[in-house]
Amino acid sequence: METENRLREAIAGNELEMYFQPQASVRTGDVVGVEALVRWHHPDLGLMSPESFIAIAEEAGITAELGCWAIQSAIAEICRMERHGLPPLQLSVNVSADMFTGLSGRDLVAHVRQALVREGMAPQRLTLEITERSIIDENGNGPQVIDALKALGVKLALDDFGTGYSSLSYLKALPIDELKIDKTFIMGNAKEDRAFLRAIIMMAKTLNMSVLAEGVETRDQLVRLYEEGCDLYQGYLCSPPVPAHALADVIKTRF
Ligand code: G
Ligand code: G
Ligand code: MN
Ligand code: NA
């Protein structure tokens with residue numbers, strides 16, 4: 001309860017911080033995008049993992065507040081860094097499944113539009129990362145929200161692919177632009193892992209989606225992704241999530 005109220009205050013008081021993890025081209029190594037990952041420095045408990053405080057937010061029914069904060073501040077931070085010379089990057093922001101149900105679809109779409117207009121960012125430069133849970137939310141309005149977001153012009157990525165209840169019929173029917181392969185499939189070294197990776201990439205290509213591999217930590221993994229035709233990667237090999245002000249340096253040292 002204590003933590004819940006502290007979290008409310010943190011959101012309202014702008015105590016959360018956005019970190020950004022670079023996303024790079026597998027073929028060229030160029031950083032072409034970033035994923036925004038929220039961080040909370042709890043005054044007593046120290047740095048809290050988003051997994052734990054997002055669960056608290058869900059229980060407290062404040063995922064919408066957290067989500068709106070994340071969308072607004074990720075866009076604002078990136079635009080601010082661009083005014084300081086950061087090249088234009090694709091910006092990915094996580095949207096929890098609760099936001100599809102907690103906010104009415106119209107509110108979420110309106111909030112995204114408002115944040116883009118306020119900062120003057122083109123909708124095409126924003127990717128919202130959703131999970132399989134959003135698509136099959138209990139109210140059943142996931143697909144409608146997805147269509148409205150697409151009409152606005154933002155891109156959609158399916159996060160943690162392979163860990164949920166992926167239904168191939170949903171994948172085929174919905175306008176998803178990017179598939180993010182969960183890191184558990186990247187880290188495995190067995191023959192089956194490689195076959196699985198190959199099958200996912202082939203399926204994504206068939207559906208005209210780009211493919212991003214998460215959790216890439218070694219050169220060997222990157223080489224394998226190159227051989228399998230994966231488009232983008234993210235992981236400690238390129239860079240851990242860093243504060244906005246450190247992004248320019250991370251991108252520079254890549255060349
Ligand atoms: O950095 P990592 O420990 O950063 O993130 C852990 C989990 O928290 C990931 O599954 C990630 O998708 C999620 N997460 C990080 N930031 C956000 C956010 O702003 N919104 C939502 N909904 N999830 C986030
Ligand atoms: O949104 P998502 O569930 O994809 O969040 C990504 C999570 O993976 C975050 O917790 C982030 O800190 C973590 N992460 C990013 N790169 C790596 C990596 O190379 N290895 C591992 N183990 N975790 C990573
Ligand atoms: Mn993500
Ligand atoms: Na993920």
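Derivation of every value follows stated rules applied to the coordinates shown; laboratory data play no part. Worth saying up front: this structure is predicted, and the values here are computed from it rather than measured. As a convention, Cβ positions derive from the backbone with ideal geometry for all residues, glycine included, and neighbour counts pool all protein chains shown.
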What number, rounded to the nearest 500 deg cm²/dmol, is the helix-based mean residue ellipticity at 222 nm of the chain, given -39500 (n - 2.57) per DSSP H run of at least four residues and division by all its residues?
-14500 deg cm²/dmol
Per residue of the range 217-228, what does 6.51 cos²θ - 1.76 cosθ + 1.60 with θ = phi - 60° give for ³J(HN,Hα)? Whole Hz please, x for Gly and Pro, Karplus curve as stated.
10, 10, 4, 4, 4, 5, 4, 4, 5, 4, 5, 8
How much net charge surrounds GLU2 when only other residues with a Cβ under 14 Å from its Cβ are counted (Lys, Arg +1; Asp, Glu -1)?
-2
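Rounded to two decimals, what ratio of Rg to Rh does the chain give with C-alpha atoms and a Kirkwood Rh? Walk me through the numbers before you get to the answer.
Details: Rg = 17.8 Å, Rh = 18.8 Å.
My calculation of the ratio gives 0.95.
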Surrounding charge for GLU82, neighbours by C-beta under 11 angstrom, Lys/Arg +1, Asp/Glu -1, total +1
For peptides 199-210, 42-53, sequence by mean Cβ density within 10 Å, most packed first
199-210, 42-53
Among the lysines, which fall within straight-line cross-link reach of LYS180, defined as a Cα-Cα distance under 16 Å, with same-chain neighbours fewer than 8 residues apart omitted?
LYS155, LYS172, LYS205
Rounded to the nearest whole number, the per residue volume of the convex hull around the C-alpha atoms of the range 5-52 in Å³ is 81
Which whole-number percentage describes the relative contact order of the chain, with Cα contacts under 8 Å and a sequence gap of 6 or more?
21
Net lengthening on full extension, ARG198/ALA151 (0.36 nm per residue, minus Cα-Cα)
13.8 nm
Return the sequence-ordered ³J(HN,Hα) values of the range 107-118 in whole Hz as given by the Karplus equation 6.51 cos²θ - 1.76 cosθ + 1.60 applied to θ = phi - 60°, using x for Gly and Pro.
5, 4, 4, 4, 5, 4, 4, 4, 5, 5, 5, 4
Treating only the Cβ atoms of Lys and Arg (+1) and Asp and Glu (-1) as charged, compute the dipole magnitude of the chain about its Cα centre; round to the nearest 20 debye.
1000
Give me, ordered by chain and number, the residues 5 or more places off GLN90 or on other chains with an amide H under 5 Å from its own placed amide H.
GLY33, VAL34
Correct semi-axes for the range 185-255, from √(5λ) of the alpha-carbon gyration tensor and rounded to whole Å with the largest first, are 25, 14, 10
What are the equivalent ellipsoid semi-axes of the range 175-221, built from the alpha-carbon gyration tensor (square roots of five times its eigenvalues), in whole angstrom, biggest first?
20, 12, 7
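Just round it to a whole percent: the fraction of Cα-Cα distances in the range 1-148 exceeding 19 Å.
Tail of P(r) above 19 Å: 55 percent of Cα pairs.
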Per residue, what volume in Å³ does the Cα convex hull of the range 98-231 take up?
115
Using θ = phi - 60° and the Karplus relation 6.51 cos²θ - 1.76 cosθ + 1.60, list the HN-Hα couplings for the range 145-156 in order, rounded to whole Hz, with x at every Gly or Pro.
4, 4, 4, 5, 5, 5, 4, 5, x, 7, 8, 10
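Lys and Arg at +1, Asp and Glu at -1: add these up for the other residues within a Cβ distance under 9 Å of ASN94 and post the number.
Overall, the nearby charge balance is -3.
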